[in-house]
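The values are calculated or read from the model by the stated rules, or taken from the named source; none is laboratory data. Source: prediction; values computed, not measured. Virtual Cβ from ideal backbone geometry, glycine too; neighbours counted across all protein chains shown.
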């Protein structure tokens, strides 16, 4: 049987465990060495394929690949770059075929979120529309947990665990300070359109009065008066108020609370600063002393506090991607299926990529409490299994050890290509 | 031998490990039960003593007290409240004597930083100036690491480990994104006047080009042009730039980069927002896409990532405080003495409180690189031992377990007192 090489790349915002998926893909390819040749990683995602900037993964030791499992960030470089339509931008696709042909690549693994699934879907059409025999599999990943079909997105469980833990810890801090000092603490978390990460903050407490006292979701229109009433109530009743607010918090008309005015390469508005904005409103309306934190990259890079469940699922989708490719399943994505809540059981099934790309999964309304400021029991049942278990990385000299890769470039065989 | 009761309270900004000191004080008092009666904790620091709001620690189980060792925040409540001079505010001191007399308290343990050491020093004068036989010991604590005499401040090692780890993790994130997206990441850390925490960020890397590429200290006047030149150089050379900036970063004339305009109860300016300020300057001057994070309370509450060395030292100063009190050493503070760098060895010695109160220890100039943007080898030698070892808390249902105390109030015996 002829052996062909595999291409693997990372795309979109990275997570604490995207490299665990890389590890799953690469280790599985190595185990299947009688059927798969070399693994070439694209430097900076699909751009690596277009510019023939390939990394020869075969030069990395087994230990280095194993260390990917506990290394945050995207080890091969990620990108925010969306392929245009095959009909209007045929040259790009022909270039991909040239590169794949030149390096004998017939397996394509793309590790990303909703936008990246779209790129993977377009690449998967090479075989049908342009006749190049490629099997393209999307490996799911996003801290936003907004991919459809899959019960949860690899990468989310770890950010959820980090935010829930940080909320619990910071709440103990402010609870000690509130008698004479800070009364309100605002933690801003990621989640542009979907409030999954904000919801995870609510896992920090559950009993009456336990912080956080309020979660502000992008799914619920921001009502300043209602928010202030709730803050005041919490401070009067418990002495302090802890708020977890999504970066995507917005008014009824869709305007974001914090809009930095920039857009990213996908055309999304770059957000940031809702925590200071909200804290300022509270100071203005109620006069309370506040503190605020913006976790930003810290939350999605915090591999030191990853969810063991998430690490295992991230590895598993990487492994399954290779298995699907070897079964000849083009344009698919390994999706997590929840078998039961408690005890938590899950399996991996194949989902058609066409049903995944460019879809966002929002919080169902029945996961958000009726008053709009917290989560329901159904949401808690859904979220709780995802943060279970710890998978601390090895530490060296007081700090987490991370994989050191050679990232050796594969010799170029083609002329340069302008993006 | 007559047995007297002990008073313990927490003051100032809390840390991830101040409760480990509480644990050290309380467990040692329990072991010395033939010489010390009950431990009464002041609710909200010295305010608990003044208002006779005392917590009967004897009602807490041994397990609950042991759990303090891995619980962040101040379990008995802290305060920002500084006693006035004994000469001008005699009534306050007479009230303290009344409360101590009413509850048979002759040992006073105050757990705090520089401002709190001042309060403890004033209380220690009760015996000399007002004739009440009290032994007052200060238990050191501050994330700022700015207490004099002690080689390092309990609480600092853990925030240092958190900031170094978070910097390393977030740097891997931005390194993966920089090809097509974010070029600059700014992490704002605490440290109003002293750059110790910012310096800890530099532990994330050491080799050429390893992030962080720049540390901005409060000790070095902020020079916008010099900072921008350095950012541009890093982006051109490494593709991205990671900056750790102290909240206390300031211009030559002393103006803070970010001044929220509020002051706390000690009269200090409330800072916050230097990260977005600096990120905005970079966007304006260089046009780079940025991300920024403000760790705020997260950094000083992150017990899940505490330094084992710090936990051990925090416990040890609590234990030593009780031992000093039993030796009749009034107005003292257990201080950490460094015996050797490598292997790191330390001991605890008694320091006179008069030499500690109201002093701030800044970064020595030879700990800051000549260009002002990084740390020297001497600094690295000093900092490295402080972040060694992990002391993960127990986790339950995916989250760190924390102590649940009864916090039962001791019955009041005196009339109310207006602060």
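Condition check ((1) closer than 24 Å to residue A:63 by Cβ; (2) surrounded by fewer than 13 Cβ atoms within 10 Å (Cβ to Cβ)) across all residues:
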{"residue": "A:373", "(1), (2)": "no, no"}
{"residue": "A:382", "(1), (2)": "no, no"}
{"residue": "A:393", "(1), (2)": "yes, no"}
{"residue": "A:396", "(1), (2)": "yes, yes"}
{"residue": "A:399", "(1), (2)": "yes, no"}
{"residue": "A:402", "(1), (2)": "yes, no"}
{"residue": "A:407", "(1), (2)": "yes, no"}
{"residue": "A:410", "(1), (2)": "yes, no"}
{"residue": "A:414", "(1), (2)": "no, no"}
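I'm trying to understand the selection: among the residues of the stretch B:176-186, which are closer than 16 Å to residue B:201 by Cβ and within 7 Å of chain A (Cβ to nearest Cβ)? Can you show your working first?
The initial filter retains those residues of the stretch B:176-186 that are closer than 16 Å to residue B:201 by Cβ, namely B:184-186.
The one that is closer than 16 Å to residue B:201 by Cβ and within 7 Å of chain A (Cβ to nearest Cβ): B:185.
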Legend entry - Residue list for the stretch B:88-116, restricted to those being touching a strand residue (DSSP E or B) at 6+ places or on another chain (Cβ under 8 Å) and over 17 Å from residue B:55 (Cα atoms): B:112, B:113, B:116
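Please specify each residue of the stretch A:308-337 satisfying the condition of being within 11 Å of chain B (Cβ to nearest Cβ) and out of contact with any strand residue (DSSP E or B) (no Cβ under 8 Å at 6 or more places or on another chain).
Applying the first criterion (within 11 Å of chain B (Cβ to nearest Cβ)) to the stretch A:308-337 yields A:308-310.
Across the stretch A:308-337, the qualifying residues are A:309, A:310.
I need the full set of residues from the stretch A:377-393 which are more than 10 Å from chain B (Cβ to nearest Cβ) and closer than 17 Å to residue A:67 by Cα, in order please. Write out each step before concluding.
To start, the set of residues in the stretch A:377-393 that are more than 10 Å from chain B (Cβ to nearest Cβ) comprises A:377-382, A:391.
The one that is more than 10 Å from chain B (Cβ to nearest Cβ) and closer than 17 Å to residue A:67 by Cα: A:391.
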Inset, instruction - For residues that are within 14 Å of chain B (Cβ to nearest Cβ) and assigned to a loop (DSSP other than H, G, I, E, B), scanning just the stretch A:37-57, find the one that is farthest from residue A:10 (Cα to Cα). - result: A:51
Inset, instruction - Restrict the check to the stretch A:142-151 and report whether at least one residue is more than 30 Å from residue B:9 (Cα to Cα) and facing chain B (nearest Cβ under 8 Å). - result: no
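Does the stretch A:338-346 include one or more residues that are part of a loop (DSSP other than H, G, I, E, B), in contact with a helix residue (DSSP H, G or I) (Cβ under 6 Å, 6 or more places away or on another chain), closer than 30 Å to residue A:66 by Cβ and within 14 Å of chain B (Cβ to nearest Cβ)?
Just the residues of the stretch A:338-346 that are part of a loop (DSSP other than H, G, I, E, B), to begin with: A:341-344.
Filter again for in contact with a helix residue (DSSP H, G or I) (Cβ under 6 Å, 6 or more places away or on another chain), leaving A:341, A:344.
Next, from what is left, pick out any that are closer than 30 Å to residue A:66 by Cβ: A:344.
Cutting the leftovers down to within 14 Å of chain B (Cβ to nearest Cβ) gives us A:344.
Yes: one or more hits.
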Inset, instruction - Identify, by number, the condition in (1) surrounded by 24 or more Cβ atoms within 10 Å (Cβ to Cβ); (2) free of Cβ contacts under 8 Å to residues at least 24 places away in the same chain that residue A:116 doesn't meet. - result: (2)
Legend entry - Residues satisfying the stated conditions in the stretch A:200-237, i.e. in contact (Cβ under 8 Å) with a residue 40 or more places away in the chain and within 14 Å of another protein chain (Cβ to nearest Cβ): A:200, A:201, A:202, A:203, A:204, A:206, A:211, A:212
Legend entry - Test set (1) more than 14 Å from chain B (Cβ to nearest Cβ); (2) part of a loop (DSSP other than H, G, I, E, B) - residue A:81 fails condition number: (1)
Inset, instruction - Report, by residue number, each residue of the stretch A:44-87 that is in contact with a strand residue (DSSP E or B) (Cβ under 6 Å, 6 or more places away or on another chain) and surrounded by fewer than 21 Cβ atoms within 10 Å (Cβ to Cβ). - result: A:58
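Tell me which strands (runs of 3 or more DSSP E) are completely within the stretch A:220-300 and hold 1 or more residues being modelled with pLDDT of 95 or more, surrounded by 15 or more Cβ atoms within 10 Å (Cβ to Cβ) and in contact with a helix residue (DSSP H, G or I) (Cβ under 6 Å, 6 or more places away or on another chain), or say none if there are none.
Values: elements: A:241-246, A:259-263, A:269-271, A:290-294.
So the answer is A:241-246, A:290-294.
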Legend entry - the stretch B:317-330: number of residues that are touching a helix residue (DSSP H, G or I) at 6+ places or on another chain (Cβ under 7 Å) and crowded, with 23+ Cβ neighbours inside 10 Å: 4
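Residue by residue, here is whether (1) outside the structural domain of residue A:345 (by TED's automatic domain parsing); (2) part of a helix (DSSP H, G or I); (3) surrounded by 24 or more Cβ atoms within 10 Å (Cβ to Cβ) holds:
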site	(1), (2), (3)
A:101	no, yes, no
A:138	no, no, yes
A:167	yes, yes, yes
A:171	yes, yes, yes
A:180	yes, no, no
A:185	yes, no, yes
A:188	yes, no, yes
A:199	yes, yes, yes
A:212	yes, no, yes
